[in-house]
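Visitor: Have a look at this one.
The values are calculated or read from the model by the stated rules, or taken from the named source; none is laboratory data. The model shown is predicted, which means the values in this text are computed figures rather than measured ones. Here the Cβ positions follow ideal geometry from the backbone for every residue, glycine too, while neighbour counts run over all protein chains shown.
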Amino acid sequence: MKKIINDPSTVVVDSLHGMAVAHPDLLRITTEPAVIARADGPVAGKVGVVSGGGSGHEPLHGGFVGLGMLDAAVPGAVFTSPTPDAILSAIQQANGGAGVLLIVKNYTGDVLNFETAAELAEAEGISVRSVVIDDDVAVKDSTYTAGRRGVGGTVLLEKLTGAAAQRGDSLEAVEGLATRVIANVRSMGLALTAPTVPHVGTPSFDLADDEIEVGIGIHGEPGRERLPLEPADALVARLTEPILTDLPFGDGDRVLLFTNSMGGTPLLELYLAHGIAERLFADRGVSIVRRLVGPYITSLEMQGISLTALKLDDEMVQLWDAPVLTAALRWGV
Amino acid sequence: MKKIINDPSTVVVDSLHGMAVAHPDLLRITTEPAVIARADGPVAGKVGVVSGGGSGHEPLHGGFVGLGMLDAAVPGAVFTSPTPDAILSAIQQANGGAGVLLIVKNYTGDVLNFETAAELAEAEGISVRSVVIDDDVAVKDSTYTAGRRGVGGTVLLEKLTGAAAQRGDSLEAVEGLATRVIANVRSMGLALTAPTVPHVGTPSFDLADDEIEVGIGIHGEPGRERLPLEPADALVARLTEPILTDLPFGDGDRVLLFTNSMGGTPLLELYLAHGIAERLFADRGVSIVRRLVGPYITSLEMQGISLTALKLDDEMVQLWDAPVLTAALRWGV
Amino acid sequence: MGCRTDGVVAALKAAADTVVAHRDELVELDRVIGDGDHGENLQRGFQTFVVALTRSTPDKPGAAVKLLATTLISTVGGAAGPLYGTACLRAATTLGDADELTPETTVAALRAALGGVVARGKAEVGDKTMVDALTPAVDAAAEALGSGADIAGVLAAAADAAEKGAESTVPLVARKGRASYLGERSANHLDPGARSTSLLLRAFADSAAKHRSAA
Amino acid sequence: MGCRTDGVVAALKAAADTVVAHRDELVELDRVIGDGDHGENLQRGFQTFVVALTRSTPDKPGAAVKLLATTLISTVGGAAGPLYGTACLRAATTLGDADELTPETTVAALRAALGGVVARGKAEVGDKTMVDALTPAVDAAAEALGSGADIAGVLAAAADAAEKGAESTVPLVARKGRASYLGERSANHLDPGARSTSLLLRAFADSAAKHRSAA
Ligand SMILES: Nc1ncnc2c1ncn2[C@@H]1O[C@H](COP(=O)(O)OP(=O)(O)O)[C@@H](O)[C@H]1O
Ligand SMILES: Nc1ncnc2c1ncn2[C@@H]1O[C@H](COP(=O)(O)OP(=O)(O)O)[C@@H](O)[C@H]1O
Ligand SMILES: [Mg+2]
Ligand SMILES: [Mg+2]
Ligand SMILES: [Mg+2]
Ligand SMILES: [Mg+2]
C-alpha cells in the first residue's frame, strides 16, 4: 500500500487537522467527536443542514460545509458510518433554532446511526427531519433489500437544500425540496481500478489490466458486472443508458449533468467523458442547462467516473445558482 | 494502459471539446489551433496574460482562464510544448491593446516555442513581454544547464499577475510583479507512482511497491533520487527542508503555502500532508498567512504531492485575495 | 448454578480477545463482499470496552452488558455498531439488575438480542446477515435449556448452531447490507457479520465452560 | 553532378519514412530520460510534411527544405520542433533558389543547420543533445568534400559520424534538455535527439546513393 500517511488508525484525525489549518476562516473542526462545522455557525433562525458518512469520499462531506450548503458534516472512519454521538454533536452545532435536516446516504450503517442520533436530538428538543438519498441506478431496487445506494446525487442534494436553508426556508420546506430532488436524480458509476483502504492495505478488488467494474459504489464494493475495457464512447454510454431509462429522462427535460471523478481519474479524461455524456443526453432531446465536472464524491484513489443527472425545475435552477462558499464548491460570493 | 479515452492521438482535442461544453459562459475554445480563451475577451485596455504548455497538467493552464487570471491558455499535445502558431493565436485573442504578458515554464521546448511566437506577435505590432518561471528546487541550477523547471509556482504566478492585469496595471508593472513573484517562490515534489502518457502506453518510470521518486517534475521524468516509502511526516520533511533552505524562508516571513496533488493523491492524504507542512514551516518561525490545497498542477494520474512556498509582500496578499472566476479557481465573485 | 458479574465480565473480555484475534479474517471477508471494515470496526469497539472496564467496574451482569452496548454504539459505527449495540442493550434490559445470570435469563437475553437486531435491521433468515447465525443460536439455546442444560451448555448449543448458521450464508445472495449491492456476485461468500456472531457466541460458551470447571 | 528538386524531395520523404519506422524507438529512448514524446512529435511533423507535399510542389531544393522547416515548426512542438525547424530554415536559406544541390551547398546547408540548432538551444558538444551528433557530422561532411566526394559521399560521411556522435552521448550526464533534470541518472542512456539526427542523416545519405545509382 502506497499512501502519504503516518498510521492507518489515525488517518482521518490527521487529515482533519490539516483541513482545519487549511481553512481557518471557513471551518471549525473538532476531533473528539469528529465534526466539521461552519466557523460562523450555528446561524440563528436558519434551518441547519447536516450530512456525514464514512471518510474517503473527500471533498464529500466536509468540503461542502459553509455558506449556502452544509452547516456541519460528520466524518466516520474510512468507509465507515460515523457513530450517533458524533452525529448528535454535529446536529447541536448546526441547530440555529429552526430545526435540522439530516441528509443520509442509503447505507444500512448510515441509516441506523443517523436514526439513533435523530432520536437523541429530538430528546433534547431539537426538531429533526431526515431524508435518505438512494440515486444509484446500478442497484436493482426492492422492498426486500437494502435498496439503492446514495452516491453522486448527494452532492447536488446538499447544494440545493443548503441554498434553500440559506434563503430562510422552513424545515418542512427544505425537507419537501429534498424529497423532490431525491425523486428526480439518478446516478451510475464505473471503475478502472480499485481503491485501497488504509486499514486493509490491499486493493478492495482485483482487476486485470483490460477489465473494468461497472455499477460500482463509493466504498470499493465491486460493481454489478465486470467487463472488458472499452473506448470512452462505449464506457460513457454504459452509464448514460441506465440513467436515461430509469427516471426516465426524455425530450424537453432540463437537466443538471454532474460528471464526477472517483478520485484517480485526471481532469483530461473527465472533461473528455463529460463531452461524450452531453452528446448522448442531447441525442435523447434532453437539454443540459447546468453542469458540474470534477472530483466531488470520491472513493479514495480509485480511478473511474460516475454520472449524475438531475431533472430540474425552476426553483432548483435558482437554488443551484445561489451563492455557495465552501472549501470545494464556491460561486456567487 | 487504462484510460477513459477513444484514441491517444485525439485525447487533447476530445478533452477540449468536453471542457468547452462544460463551461460555455466562461470559455471560448478553438481546436485549430488549440486555444482556451476568456469568453468575454479580449478585454479592451487590459494587459493580457497568456500561458500554456503541454497538456496533462489540468487544471493548469486552461482551468485558470477567466476573470482575474489568464486571458488565454495554449494546450499542447500531452507533455509537449505547443507550437508558435497556436501561441500566437492565444496572444491575439488576449490582446486588448495594452500588451500581453507570456508566462513560460522553464522547459527548453516551452521557452523556444514561446520565443518564436513572441517574435511573430511583435512583428504584428503587439507588445509582448515574457517571464520564465523556474521554481523547482530539486534541480541544481547552473548557467551551463537547462536550469530549474517551472512547476507549482506557476499557479500562484498566474493568479497574481492575472489580478494585477485585472485591476489595470501596465504591462511593465505586471512584468515587474511577475519577476518579484518568481524571485520569491520555491517548490519541490515527490511521486508514489508514475503517470502513463496516452501515446506511450506504459508508465513513465517503474517503481517498486515500497519506492518513491523524490524531486520529480510534472512530465513523468524520474526524480533526483529514488528512496524507500516513509511515513508522511518524513516524506513531507523531504520537501519542506530543501524549500526552506533554498530561498531561504525564515523567521517572520509571511508565506503562501500551496500543497498540490500530482493528480492521483486523494484529498484525505493531501490535507494530511498539508497539516504536516504547516507545522514544519511554523517550526522555523515562518507564518503561513494564505493557503491553497488541491490538485492544481498535475501530471496525469500520477500519485504524489508537491509543495510550493511564496514569500508574500502586502501587494501580493492583496492580489491573491482579489476576485478570480475560472473553472478551477474562484473566489470574491 | 448461576454466574455472577465477574463471570460475565470474563466472558465479555474473552469475546474481545476473539475479535482481536480474528480481526484480519473479518476484514478480509468484508473486503470481498463489503467494504473491508467489519473486523476493524469490531476491534475498535471491543478494545475500547476493555479500556472502559479499567475505569468503571459494573456491579451487575446487566450493567456489564450495558457498558458493552453503549461502548459499541459510540465507537463501532457502520451497520454492525448499531446492530450489536442494540442487541446488547436489549439483552442488558432483560437482565435488569439481577445479581447473577441463570440458564433461563441467558436464553432470554439471547432472544432479546436477536429481537434488537431484527428490530433495527429488518433482516430475515436467508438475507445473508448475522441474523442467519443468531436465529438458530437462540432456538438451540432454548432447546438446550428445555433439556436441563446449564449456562455453559446453553451457550455451547447456541455457538454450535451459530456456526452452522454462519456456514449457511455462503451460498446465499445477500438481500440486506452492503453485500446486497453485488446481487448474484454476493453468493459463495461467507457473511462477515454472521461469522462474527458465531465467534462471539463461541467465546461466551468457552468462557462459561472454564468458569464452570473452575467453580 | 548535382541533385535537383525531385531528388531532394525524395530524400526528405525517405527521412519521413525513417522517422515513422523508428517512432517507437525514439519514444522509448525519451521515456527513460525525458518525457516520452520525441518519436511521437517527429512523426506528427514529418507525416504532416508528406501531406503538405501533396498540396504544394516545391520548385527548388531550398523551397522543399523550407516547406519542411515551416511544417516542423508548426506541428512538432517540444524542444525538437523549434530546433529541427530552425535547422531546416537556415539550411533552406543557404540553398536560396538554386535549381540544384551540389556537394558544396550540401555541406554549407549542414553547417547552417548546426548553426541554427546551436543558436536556438545554446548547447555545446558534450551536453548530451542532438548537437553531439550534428557537430561531428558537419566536420566529416566537410572533410569528405575536401577529398572530392559527391553529395552521396558527403552525406554518407555525415551519417557515419553522426552515428558515432550519437553513441558518444550514452555515458554523458545531460546538461541541456529535459534529461538534465535527472542529473547523474541521465548517464548510460542514448540521447533521443542525437539518435533522431543520425537517423535523418542516414536516410538522406541512402536516398542520395540510390539517386546516384539511378542517375
Ligand atoms: N439489515 C441488516 N440486518 C442485520 N444484519 C445486517 C444488516 N445489514 C448488515 N448487516 C450485518 O452487518 C455486517 C457488516 O458489518 P460492517 O462491515 O461492520 O458494517 P458496514 O456494512 O456498514 O461496513 C454484514 O456482514 C451483516 O451480517
Ligand atoms: N538546448 C538544446 N540544444 C540542442 N538540443 C536539445 C536541447 N534541448 C533538447 N534538445 C534535444 O531535444 C531532444 C528532446 O526532444 P523532444 O523530446 O521532442 O522535446 P521535449 O524535451 O520538449 O519533450 C533531446 O533528446 C535533445 O537531443
Ligand atoms: Mg463500512
Ligand atoms: Mg515534451
Ligand atoms: Mg463493512
Ligand atoms: Mg520529450
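Visitor: For C:Asp97, only one of the following conditions fails: (1) surrounded by fewer than 18 Cβ atoms within 10 Å (Cβ to Cβ); (2) within 13 Å of the chain's Cα centre (by Cα); (3) acidic (Asp, Glu). What is its number?
Guide: (2)
Visitor: Let me ask something additional. Among the listed residues D:Ala80, D:Ala87, identify the single one that is small (Gly, Ala, Ser), under 24 Å from B:Ser81 (Cα atoms) and at the interface with chain B (Cβ under 9 Å from one of its Cβ atoms).
Guide: None of the other options fit; the residue is D:Ala80.
Visitor: Please go through the stretch C:84-122 and pick out each residue that is within 16 Å of ligand 1 (Cβ to nearest atom) and in a loop (DSSP other than H, G, I, E, B).
Guide: Within the stretch C:84-122, C:Lys122 is the sole residue that qualifies.
Visitor: Let me ask you something else. List the strands (runs of 3 or more DSSP E) that sit entirely inside the stretch B:215-325 and contain at least 1 residues that are within 15 Å of B:Leu156 (Cα to Cα). Break it down stepwise before answering.
Guide: On the way: elements: B:225-228, B:254-261, B:287-294, B:304-311.
Here the list reads B:254-261, B:287-294, B:304-311.
Visitor: Among the residues of the stretch B:143-155, how many are without any contact (Cβ under 8 Å) to a residue 40 or more places away in the chain and on the phi > 0 side of the Ramachandran plot?
Guide: First, pick out the residues of the stretch B:143-155 that are without any contact (Cβ under 8 Å) to a residue 40 or more places away in the chain: B:143-145.
Add one more test, that the residue is on the phi > 0 side of the Ramachandran plot, and what stays is none.
Selection size over the stretch B:143-155: 0.
Visitor: Another question, then. Tell me yes or no: at least one residue of the stretch D:30-42 is at pLDDT 95 or above, over 18 Å from the mean Cα position of the chain (by Cα) and among the β-branched types (Val, Ile, Thr).
Guide: Among the residues of the stretch D:30-42, not one is at pLDDT 95 or above, over 18 Å from the mean Cα position of the chain (by Cα) and among the β-branched types (Val, Ile, Thr), which makes the answer no.
Visitor: Say we look at the stretch B:77-116 and pick out the residues that are surrounded by 24 or more Cβ atoms within 10 Å (Cβ to Cβ), among the aliphatic types (A, V, I, L, M) and not in a helix (DSSP H, G or I); which of these is nearest to ligand 1 (Cβ to nearest atom)?
Guide: Filtering first and then ranking leaves B:Val78.
Visitor: Checking the conditions here, which among D:Thr75, D:Thr71 is within 8 Å of chain B (Cβ to nearest Cβ), more than 16 Å from ligand 5 (Cβ to nearest atom) and not basic (Lys, Arg)? Let's see the steps before the verdict.
Guide: On the way: D:Thr71 fails: within 8 Å of chain B (Cβ to nearest Cβ).
On inspection, the qualifying residue turns out to be D:Thr75.
Visitor: Separate question: Say whether the condition of being buried (at least 20 other Cβ atoms within 10 Å of the Cβ), within 14 Å of chain A (Cβ to nearest Cβ) and free of Cβ contacts under 8 Å to residues at least 12 places away in the same chain is met by at least one residue in the stretch C:13-31.
Guide: Yes, the stretch C:13-31 contains a residue that is buried (at least 20 other Cβ atoms within 10 Å of the Cβ), within 14 Å of chain A (Cβ to nearest Cβ) and free of Cβ contacts under 8 Å to residues at least 12 places away in the same chain.
Visitor: Here's another thing I want to ask about it. Is it the case that B:Val200 is crowded, with 24+ Cβ neighbours inside 10 Å and under 23 Å from B:Ala146 (Cβ atoms)? Step through it out loud before you land on a result.
Guide: Details: crowded, with 24+ Cβ neighbours inside 10 Å: yes; under 23 Å from B:Ala146 (Cβ atoms): yes.
Criteria met by B:Val200.
Visitor: Determine which member of the set B:Ala77, B:Ala44, B:Ala22, B:Ala34 is more than 14 Å from chain A (Cβ to nearest Cβ) and touching a residue at least 40 places away in the same chain (Cβ under 8 Å).
Guide: On the way: B:Ala77 fails: more than 14 Å from chain A (Cβ to nearest Cβ); B:Ala22 fails: more than 14 Å from chain A (Cβ to nearest Cβ); B:Ala34 fails: more than 14 Å from chain A (Cβ to nearest Cβ).
When all the criteria are applied, what remains is B:Ala44.
Visitor: So C:Asp139 passes all but one of these: (1) without any contact (Cβ under 8 Å) to a residue 24 or more places away in the chain; (2) surrounded by 24 or more Cβ atoms within 10 Å (Cβ to Cβ); (3) not aliphatic (A, V, I, L, M). Which condition number does it fail?
Guide: (2)
Visitor: Among what's in the stretch A:117-131 and is at pLDDT 95 or above and within 14 Å of another protein chain (Cβ to nearest Cβ), pick the residue that is farthest from ligand 1 (Cβ to nearest atom).
Guide: A:Ala118
Visitor: A further question on this structure: For A:Gly189, indicate whether it is in a loop (DSSP other than H, G, I, E, B) and at pLDDT 95 or above.
Guide: So A:Gly189 does not fit the description; no.
Visitor: Can you report the number of residues in the stretch B:2-19 which are at the interface with chain A (Cβ under 8 Å from one of its Cβ atoms) and touching a strand residue (DSSP E or B) at 6+ places or on another chain (Cβ under 6 Å)? Write out each step before concluding.
Guide: Residues of the stretch B:2-19 that are at the interface with chain A (Cβ under 8 Å from one of its Cβ atoms), as a first pass: B:2-7, B:11-12, B:14-19.
Those left that are additionally touching a strand residue (DSSP E or B) at 6+ places or on another chain (Cβ under 6 Å): B:12, B:16.
Residues that pass the stated criteria total 2.
Visitor: To continue, here is another question. Within the stretch A:11-60, which residues are in a loop (DSSP other than H, G, I, E, B), closer than 25 Å to A:Arg149 by Cα and either aliphatic (A, V, I, L, M) or in contact with a Cys (Cβ under 7 Å, 6 or more places away or on another chain) (or both)? Write out each step before concluding.
Guide: Narrowing the stretch A:11-60 to residues in a loop (DSSP other than H, G, I, E, B): A:23-26, A:32-33, A:39-47, A:56-60.
Subset that is closer than 25 Å to A:Arg149 by Cα: A:56-60.
Across the stretch A:11-60, the qualifying residue is only A:Leu60.
Visitor: Okay, moving on. Residues D:Val32, D:Val9: which one is assigned to a helix (DSSP H, G or I) and within 24 Å of D:Thr102 (Cβ to Cβ)? Spell out the reasoning first.
Guide: On the way: D:Val32 fails: within 24 Å of D:Thr102 (Cβ to Cβ).
Matching residue, one of D:Val32, D:Val9: D:Val9.
Visitor: Give the stretch D:177-207 a look and list any residue that's in contact with an Asp or Glu (Cβ under 8 Å, 6 or more places away or on another chain) and at pLDDT 95 or above, or say none.
Guide: D:Leu190, D:Asp191, D:Pro192, D:Ala194, D:Arg195, D:Ser198, D:Arg202, D:Ala203
Visitor: Checking C:Ala52 against (1) touching a strand residue (DSSP E or B) at 6+ places or on another chain (Cβ under 8 Å); (2) surrounded by fewer than 23 Cβ atoms within 10 Å (Cβ to Cβ), which test does it fail?
Guide: Just one mismatch for C:Ala52, condition (1).
Visitor: Between a residue in the stretch D:38-66 that is over 24 Å from D:Leu101 (Cβ atoms) and free of Cβ contacts under 8 Å to residues at least 60 places away in the same chain and any residue that is more than 16 Å from ligand 1 (Cβ to nearest atom) and of a type in the set (Ser, Thr, Tyr), which pairs come within a Cβ distance under 8 Å, given they are 6 or more apart or on different chains?
Guide: Cβ pairs passing all conditions: D:Glu40/B:Thr80; D:Asn41/B:Thr80; D:Arg44/D:Thr75.
Visitor: Scan the stretch D:105-125 residue by residue and report those that are more than 16 Å from ligand 2 (Cβ to nearest atom) and more than 20 Å from D:Asp160 (Cβ to Cβ).
Guide: If the condition is that a residue be more than 16 Å from ligand 2 (Cβ to nearest atom) and more than 20 Å from D:Asp160 (Cβ to Cβ), then D:Thr105 is the only one that fits.
Visitor: While we're here: Out of all the residues in the stretch B:29-61, which are in contact with a Gly (Cβ under 9 Å, 6 or more places away or on another chain), among the small types (Gly, Ala, Ser) and either within 17 Å of B:Ile103 (Cβ to Cβ) or within 16 Å of ligand 5 (Cβ to nearest atom) (or both)?
Guide: Those that are in contact with a Gly (Cβ under 9 Å, 6 or more places away or on another chain), among the small types (Gly, Ala, Ser) and either within 17 Å of B:Ile103 (Cβ to Cβ) or within 16 Å of ligand 5 (Cβ to nearest atom) (or both): B:Gly41, B:Gly48, B:Gly52, B:Gly53, B:Gly54, B:Ser55.
A quick yes/no check of all residues on (1) over 24 Å from D:Leu68 (Cα atoms); (2) in a helix (DSSP H, G or I); (3) in contact with a His (Cβ under 7 Å, 6 or more places away or on another chain); (4) within 10 Å of ligand 2 (Cβ to nearest atom):
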| position | (1), (2), (3), (4) |
| --- | --- |
| D:Asp127 | yes, no, no, yes |
| D:Ala133 | no, yes, no, yes |
| D:Gly148 | yes, no, no, no |
| D:Ala161 | no, yes, no, no |
| D:Lys164 | yes, yes, no, no |
| D:Leu172 | yes, no, no, no |
| D:Glu184 | yes, yes, no, no |
| D:Phe204 | no, yes, no, no |
| D:Arg212 | no, yes, no, no |
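Visitor: Check off (1) surrounded by fewer than 23 Cβ atoms within 10 Å (Cβ to Cβ); (2) farther than 28 Å from B:Asn260 by Cα; (3) not aromatic (Phe, Trp, Tyr) for A:Arg291 and give me the number that stays unchecked.
Guide: Going through the list (1) surrounded by fewer than 23 Cβ atoms within 10 Å (Cβ to Cβ); (2) farther than 28 Å from B:Asn260 by Cα; (3) not aromatic (Phe, Trp, Tyr), A:Arg291 breaks only (2).
Visitor: Where the second residue is within 16 Å of ligand 6 (Cβ to nearest atom) and assigned to a helix (DSSP H, G or I) and the first is in contact (Cβ under 8 Å) with a residue 24 or more places away in the chain and lies in the stretch C:150-179, which pairs have Cβ atoms under 7 Å and are six or more apart or on separate chains?
Guide: Pairs found: none.
Visitor: Do we find a residue being away from every other protein chain (no Cβ under 14 Å), in contact with a helix residue (DSSP H, G or I) (Cβ under 8 Å, 6 or more places away or on another chain) and of a type outside the set (Phe, Trp, Tyr) anywhere in the stretch A:185-200? So that I can check it myself, show each step before the final result.
Guide: Residues of the stretch A:185-200 away from every other protein chain (no Cβ under 14 Å): A:185-186.
Still in the running and in contact with a helix residue (DSSP H, G or I) (Cβ under 8 Å, 6 or more places away or on another chain): A:185-186.
Add one more test, that the residue is of a type outside the set (Phe, Trp, Tyr), and what stays is A:185-186.
Yes, the stretch A:185-200 has at least one match.
Visitor: Can you name the number of the only condition in (1) away from chain B (no Cβ under 14 Å); (2) at pLDDT 95 or above that D:Asp127 fails?
Guide: With respect to (1) away from chain B (no Cβ under 14 Å); (2) at pLDDT 95 or above, D:Asp127 is out only on (1).
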